[in-house]
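To start, the structure itself, in C-alpha cells.
Just so it is clear, none of the values below were taken in a lab; they were calculated from the coordinates. This one's a predicted model, so the numbers in the text were calculated from it and none came from an experiment. With ideal geometry, Cβ positions are generated from the backbone for all residues, glycine too; neighbour counts draw on all protein chains shown.
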Amino acid sequence: MSTAPRVVGDPHVHAHVLVNNKQRSLDGKFRTIDGVSLYHEARAAGMLYQAQLRAEISSSLGVQRGQAKNGCAEIIGLDDAEMPTVAQVVNAVIAERSTFTWADIFEVAAGLVPAEVARENIYDRLEYLVDGVMNSGVAWTVTPERDFRKRH
C-alpha cells in the first residue's frame, strides 16, 4: 500500500449511487424512505458495496489487491512510477467524456419513474423536461470544476 499522499488526477475507481427516496408500502402507496434510518445504514451499505466492487474487479481483471482501509485498496503490482502515465490516459478519457448528453439525462430521469407508470404516458413529458435542462445554458459536467489534467 502506498503511503504517498493522493494527488488530484490520480486514477481511482469510484461510483456515485442515487437512491430514489420512495418505497412501496404494504398498502401499495409510495412513501418517502425514513431519512434517519437510511443515513444510519449508509456507511454499512457503502462498505458492502465497496467489498463487492473489489471482489468483482479482482475476479474480472485477475488482479490482486492490498488490504482494504476505509473501503479502499491498492492494486498490487502497479509501480508508482507508472501512475503519471496511467493518470494521463484516464484524464484524456475524462476530458473527452466529461459532459452529460441529452440521452444520459433522459436515461436517468426515466429510471426515476416508478415502474407502474405507463412509459408511453411519460416519455413526452420527460423529453420536454430534458430539453429544458439541455437548453438552460448550464454546463452539466461529470467532473468537478477544475482541470484534472494538471498535476498539483
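Report, by residue number, each residue of the range 30-45 that is of a type in the set (D, E) and within 22 Å of the chain's Cα centre (by Cα). Step through it out loud before you land on a result.
Within the range 30-45, the first condition is being of a type in the set (D, E), and the residues that meet it are 34, 41.
Residue satisfying the conditions is E41 alone.
Name every residue in the range 47-62 that is surrounded by 13 or more Cβ atoms within 10 Å (Cβ to Cβ) and either under 16 Å from V19 (Cα atoms) or without any contact (Cβ under 8 Å) to a residue 40 or more places away in the chain (or both), in order of residue number.
Just the residues of the range 47-62 that are surrounded by 13 or more Cβ atoms within 10 Å (Cβ to Cβ), to begin with: 47, 49-51, 53-54, 57-58.
Those that are surrounded by 13 or more Cβ atoms within 10 Å (Cβ to Cβ) and either under 16 Å from V19 (Cα atoms) or without any contact (Cβ under 8 Å) to a residue 40 or more places away in the chain (or both): M47, Y49, Q50, A51, R54, S58.
Which of the residues that make up the range 63-74 are exposed (fewer than 12 other Cβ atoms within 10 Å of the Cβ) and within 21 Å of the chain's Cα centre (by Cα)? Walk me through how you get there before you give the answer.
Step one: list which residues in the range 63-74 are exposed (fewer than 12 other Cβ atoms within 10 Å of the Cβ), which gives 64, 67, 69-70.
K69, N70 - these are the residues of the range 63-74 that are exposed (fewer than 12 other Cβ atoms within 10 Å of the Cβ) and within 21 Å of the chain's Cα centre (by Cα).
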